[in-house]
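K.L.:
Supplied in structure tokens, the structure appears directly below.
None of the figures in this text is laboratory data; all of them are computed from the coordinates on show. This structure is a prediction, so every number in the text was calculated from the model and none was measured. FYI the Cβ positions are ideal-geometry reconstructions off the backbone, even for glycines, and counts take in every protein chain you see.
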């Protein structure tokens, strides 16, 4: 994480346990939050996410300081920085969900039901 952001006083804007699994609630709670760290724990316990430089909003957003990460083999995250290959950082549509990074699919995709999604390799971040 860039040094400037390490000094932030981070607070939790949204949590599905506390706030429910409504995409509208997620968007409202994250409105104006910049930067943000997305932390995702899927049903098998696998944890991954993204550092988001711009606030989460409809359409295309993000910039080169963004990255995605995963906790594949333990407590130390594997971080995938922007490769410079494209600028498909983040895209959000209410009817679809949120896509982060791009290859043939989104690196992280969160469907608008907040209950499903996918991960895939991207050229944006060079993740595997």
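K.L.:
Can you sort 115, 19, 95 from fewest to most other Cβ atoms within 10 Å of each residue's own Cβ?
P.N.:
Values: 115 10, 19 14, 95 6.
So the ranking, lowest neighbour count to highest, is 95, 115, 19.
K.L.:
Given q = 0.11, 0.13, 0.19 Å⁻¹, what are the Debye log10 I(q)/I(0) values for the chain, with equal point scatterers placed on the Cα positions and solvent ignored?
P.N.:
-0.35, -0.49, -1.14
K.L.:
Same structure, new question: Using the beta-carbon distance between residue 55 and residue 79 and R0 = 22 Å, what value does 1/(1 + (r/R0)^6) give for FRET efficiency, to the nearest 0.05? Display every interim value, and only then the final one.
P.N.:
Working: r = 21 Å, r/R0 = 0.98.
E between residue 55 and residue 79, to the nearest 0.05, is 0.55.
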